[in-house]
Amino acid sequence: MRFGVIGCGTIAQVMHLPYLAELPETTIHALVDPAENRVEELGERYNVPHRYQTVDELLTNASDQVDAVIVLTPAHAHADAVVKTLEAEIHTLVEKPLAATLEDANRMIEAANASDAVSMVAYMKRFDPAYEQAHERLKAFDDVDVVTAYDVDPDHGRIIHEVYNIVGADLPDGFVEESVTERRNQIAQAIGTDGDELIDAYDFQLDHVCHDINALRGLFGEVTDISHVDIFSEGRYAIAHLEYENNVRCVLETGDSDRKWFEQFIRVDGPEGMLKLDFSNPFIQNTPTELRLKRGVEELEDTTLTPSYDEPFKQELEHFLECSQSGDPVRTPFEEARDDLRVIINLFDTYQQTELESRHAH
C-alpha cells in the first residue's frame, strides 16, 4: 500500500515513518508538512517521491496514487485533513486524540460513515502485547475491588533528543501563532471557559489522558459516572474518581512533570489477586511493557511477564493494514475516540461545577 504521511513532527519521525519504511507491504509515497525544510530532508532520508506543504496539494496532485494516509497533525487540525482524505476515499489512520472538540469529532465520524475507506484512531496501547494479555487475564477475576490508573509525563523533549535525530521545522511567519490561537479557541469552546489555567490544563490533558481513558475503556467499558475531580498544581495535575460498567471503580491520577523518568501504570485489585500493567516510555522503540500478576490468600504467587518486544506502534499499523485490505472492523474506531473525548470534557465540566458550588456555599 502506498502511504501519505500528513504531519512530519516528532511522533512521525520516531515511530510512523521508520515502521512504514520497514514493513514490506507499505511504501511512503508522499509527505505533507507546512515546513518545507522538513519534508525535503525527510523525503531524502526515506526516498519519498512526493513532498507537499498542504493536504490540498496532496489531493490535487497524488490522490489517485495514495491508498492510505496517517494524519499526525496536532489534534485541533485533524478534522480538516481527515474529512478531505475520507471524502477522497483514502484509508485514514489518525493519531489520538481524535479532536479537541466534539463538533470536530462528529464531523470526522460523519465523513467516515459516508466513505467506503477504512478509518481508525491510532491508540497504540490497545495493541501492546502486555495490554492484550492483561485483557485476557482479567477474565479470571471474579470481582474487582478497585482500579488505579497513574500517568505522569516527564520532559519528553530532553529524552527524545538524546535518542533520535529529529528534523526541526522552519515554519512560515505567523504559522505557530495562528495554530496556537486556533487551538486555544477550540479548547475554550470545548470546556466553556476562557480561564488560562484551565485552558492550559485541558491543552495538556487532551493529548495525555486520552491514552488512559481509552486503555481503561478497552478493559472495563464505558464510564458510567464521574464522582470527583480535582485539578491542581497550576493545572498540571488532576485526580478523578470514575465508575465503569459492573460497578468497577477507578482512581485516575494524571500529571506533567520536569523529571526524567516516565511512569504509567494500570493496577487492578481483586479480593484474591492483583494485576498491574507497567507501560514503557512510548517514545523509545521496543521497550516492553511489563505485566505483573499476584494471587493468593494462604499462599502467594507473584509473576512478572514480558510477553513480547513487539512495538505497539508497529502492531497498530499492521492491524490498520489488515483491516484496510479485508474490510474487517478496526479495534479503535472514531466513535470510541469521540466518546473518550466526551469523558475528558466531562472531567473538566465536573471540576468546574464543583468549584462553582463551592464558591456559592461560601
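Kindly provide the set of residues from segment 245-280 that are under 21 Å from the mean Cα position of the chain (by Cα) and without any contact (Cβ under 8 Å) to a residue 40 or more places away in the chain, ordered by number.
Lys276, Asp278, Ser280
Starting from segment 185-201, take each residue that is on the phi > 0 side of the Ramachandran plot and list its partners that are open to solvent by 80 Å² or more (accessible area, probe 1.4 Å) and of a type outside the set (Phe, Trp, Tyr), counting only C-beta distances under 9 angstrom and pairs at least six apart or across chains.
That search, which allows pairs on different chains as well, returns nothing.
Quick grid of which residues meet (1) crowded, with 24+ Cβ neighbours inside 10 Å; (2) touching a strand residue (DSSP E or B) at 6+ places or on another chain (Cβ under 6 Å); (3) within 22 Å of Glu178 (Cα to Cα):
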| residue | (1), (2), (3) |
| --- | --- |
| Val69 | yes, yes, no |
| Lys84 | no, no, yes |
| Thr92 | yes, yes, no |
| Pro97 | yes, no, yes |
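Hey, can you tell me all the residues within segment 127-149 that are open to solvent by less than 40 Å² (accessible area, probe 1.4 Å) and either without any contact (Cβ under 8 Å) to a residue 40 or more places away in the chain or not in a helix (DSSP H, G or I) (or both)?
Asp128, Phe141, Val144, Val147, Ala149 - these are the residues of segment 127-149 that are open to solvent by less than 40 Å² (accessible area, probe 1.4 Å) and either without any contact (Cβ under 8 Å) to a residue 40 or more places away in the chain or not in a helix (DSSP H, G or I) (or both).
Using the structure shown, decide if Ala12 is out of contact with any Gly (no Cβ under 7 Å at 6 or more places or on another chain), more than 23 Å from Phe283 (Cα to Cα) and buried (at least 20 other Cβ atoms within 10 Å of the Cβ).
So Ala12 fails the test.
Within segment 46-102, track down each residue that is of a type in the set (Asp, Glu) and in contact (Cβ under 8 Å) with a residue 60 or more places away in the chain.
Asp67, Glu95
Return the pair list, or none, for Cβ contacts closer than 9 Å from residues in segment 333-353 that are farther than 17 Å from Leu98 by Cα and open to solvent by 20 Å² or more (accessible area, probe 1.4 Å) to residues that are charged (D, E, K, R) and modelled with pLDDT of 95 or more, at least 6 apart or on different chains.
Filtered contacts from segment 333-353: Tyr351/Asp230.
Restricting attention to segment 308-322, which residues are part of a helix (DSSP H, G or I), open to solvent by less than 20 Å² (accessible area, probe 1.4 Å) and not aromatic (Phe, Trp, Tyr)?
Pro312, Glu316, Leu317, Leu321
Out of segment 197-246, which residues are surrounded by 19 or more Cβ atoms within 10 Å (Cβ to Cβ) and small (Gly, Ala, Ser)?
Within segment 197-246, Ala201, Ala215, Gly235, Ala238, Ala240 meet the criteria.
Here is a check on your reading of the model: is Gln325 assigned to a helix (DSSP H, G or I) and open to solvent by 70 Å² or more (accessible area, probe 1.4 Å)?
Yes, satisfied.
Looking for something over 25 Å from the mean Cα position of the chain (by Cα), open to solvent by 60 Å² or more (accessible area, probe 1.4 Å), without any contact (Cβ under 8 Å) to a residue 60 or more places away in the chain and more than 28 Å from Gly157 (Cα to Cα) - is there at least one such residue anywhere in segment 285-292?
no
Can you say whether Asp116 is open to solvent by 20 Å² or more (accessible area, probe 1.4 Å), among the acidic types (Asp, Glu) and closer than 25 Å to His76 by Cβ, as far as the supplied structure shows?
no
The values are calculated or read from the model by the stated rules, or taken from the named source; none is laboratory data. These figures come from a predicted structure and were not determined experimentally. Neighbour counts are summed over all protein chains in view; Cβ atoms, including those assigned to glycine, are modelled from backbone coordinates with ideal geometry. These area figures cover heavy atoms from the full protein model, side chains too; ligands, DNA and RNA do not enter into them. Shrake-Rupley method; radii C 1.70, N 1.55, O 1.52, S 1.80 Å.
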